[in-house]
Amino acid sequence: MSRIIITIVLLLFLMLFLTRINTGDSATHMAESMMALGFTLIVSYLIGKSLKQFKLPKITGYILAGILVGPYLINLLSVPVVKNLQLIDNIALSLIALTAGGEFRYKKIRSQFKIIGNAIVWQILIVMAGFLIFIFLYRNHISFLEGQSAEIAIGVALLFGALSIAKSPATTIAIITEYKASGPYTDFVLGVTVFKDIIVVLIFSIVLSLAKPLILQQEDIQFIYFMNVFFEIILSIVLGMMAGIIILLYLKFIGQQKVLFLLGFVLLGIELSHFLHLEVILFFMVAGFFVQNFSNAGSELIEAIEEGSLPVYVIFFTIAGASLNFPVFMQNYILALLIVALRLLTTYLGTYTGGKLAGASEGVNRYGWMGFIGQAGLTLGLAVITRKNIPGPIGLGISTLIISSIAINQIIGPVLFRHAIVKVGEVHRKD
């Protein structure tokens, strides 16, 4: 342990020294970004490894390392550097989404469809209702809602509810992979995560269509945004299936250098998604799902991804940590903590209610909610969309509070999920 700490400190000092040598040449910016990333990945890996002694997930260490070296503390990964690494972050997220789809085995999960469906429905209903009541009653204590009308408060509450039902597929897959988790509880969490990822985007588009005229005091409710999102989701599913066919054909007829092929395929998929405005996470999830459930090559796909999974998770969660706006969080931490607490409570009530009504196991009823706390890329993306569609202090206030709560959820989420899979006895790798 002491050797790891000494190594981390020495690396940080070396990184600080090298990154302060600035030639002023803009051509060197990308090289500086790569150098900073290389050092950061080593530090992140070492911190993640050291946290295992405290029975904490490695990805928690990666996130904390990202916060430590990010723009708002040590500043080894500055804001421009983090932006330069956006493509690498997208590659990591796409591979994680491909894994999520590939881990979704229909034959194993179909026996839990009733439980999964009930959990999703009751989570959505109770989380949305909880935030509607809380924001409406507490509105005079929220700076950007003080003195505003009831209609505006309802619109804001609906957006908070929609943003709070989202979770992080990346966190789920990272913990499942790290601890080799498998069993009914893991299948339940994975099933809810995959299905809810699609539903959340649809619900958010509907809520935004309803909330925007309420907040901006417009007369007409415009569903054009919802229709556009619905079309993008359908197109993402169709093209995701076609992508799955391409992966399947490669694995069947070529089957060599799979990691290199997947990396190139992901790069092409990201560019295609941007060009056609696809939901990139859904696109790769569907591709992985197709390979796993419509062929015998599912295990081969997962093995190929897992060969390079360690750097993928280190990169994604380190950049996620570096992207968290620490000063914004400190300015809003009290209200952010209340939002996190309300989300924990309503997620527990929704999961427990759905599980009880569907006859779920004691493990699902007691620990199911712990698998749905982490938040990352999807929620951040929806928060940015909210900021763009709701101008002024209200839109800024919503996105700021959501981003602040994500900072907390992304740290406690992996810890809670790890605790749950240990308690239900579905861990197949020792700490």
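The values are calculated or read from the model by the stated rules, or taken from the named source; none is laboratory data. Bear in mind that the values here come from a model prediction, so they are computed numbers and not experimental data. FYI the Cβ positions are ideal-geometry reconstructions off the backbone, even for glycines, and counts take in every protein chain you see.
Just one of VAL291, VAL312 is modelled with pLDDT of 80 or more and either buried (at least 23 other Cβ atoms within 10 Å of the Cβ) or more than 18 Å from LEU416 (Cβ to Cβ) (or both); which is it? Don't jump to the end; show me each part of the working.
On the way: VAL312 fails: modelled with pLDDT of 80 or more.
So the residue among VAL291, VAL312 that is modelled with pLDDT of 80 or more and either buried (at least 23 other Cβ atoms within 10 Å of the Cβ) or more than 18 Å from LEU416 (Cβ to Cβ) (or both) is VAL291.
Kindly indicate whether PHE316 is among the aromatic types (Phe, Trp, Tyr) and in contact with a Phe, Trp or Tyr (Cβ under 9 Å, 6 or more places away or on another chain). So PHE316 fits the description; yes. In segment 95-121, the qualifying residues are those that are among the hydrophobic types (A, V, I, L, M, F, W, C) and within 24 Å of VAL266 (Cα to Cα), and the one that is surrounded by the most Cβ atoms within 10 Å (Cβ to Cβ) is LEU98.
Residues in segment 122-150 that are in a helix (DSSP H, G or I) and surrounded by fewer than 16 Cβ atoms within 10 Å (Cβ to Cβ): ALA129, ILE133, PHE136, LEU137, TYR138, ASN140, HIS141, SER143, ALA150. Within segment 35-65, how many residues are within 15 Å of VAL81 (Cβ to Cβ) and free of Cβ contacts under 8 Å to residues at least 12 places away in the same chain? Of the residues in segment 35-65, 1 are within 15 Å of VAL81 (Cβ to Cβ) and free of Cβ contacts under 8 Å to residues at least 12 places away in the same chain. Among the conditions (1) part of a helix (DSSP H, G or I); (2) out of contact with any Lys or Arg (no Cβ under 9 Å at 6 or more places or on another chain); (3) farther than 22 Å from ILE203 by Cβ, GLY61 misses just one, which is (2).
Looking at segment 280-389, what helices (runs of 4 or more DSSP H) fall wholly within it and have at least 3 residues that are within 22 Å of the chain's Cα centre (by Cα) and outside the structural domain of VAL79 (by TED's automatic domain parsing)? First the steps, then the outcome.
Values: elements: 280-293, 298-307, 309-323, 326-331, 333-358, 362-367, 377-389.
In segment 280-389, the matching helices (runs of 4 or more DSSP H) lie at 280-293, 298-307, 309-323, 326-331, 333-358, 377-389.
Do we find that GLU271 is charged (D, E, K, R), at pLDDT below 85 and part of a helix (DSSP H, G or I) in this structure? No, not satisfied.
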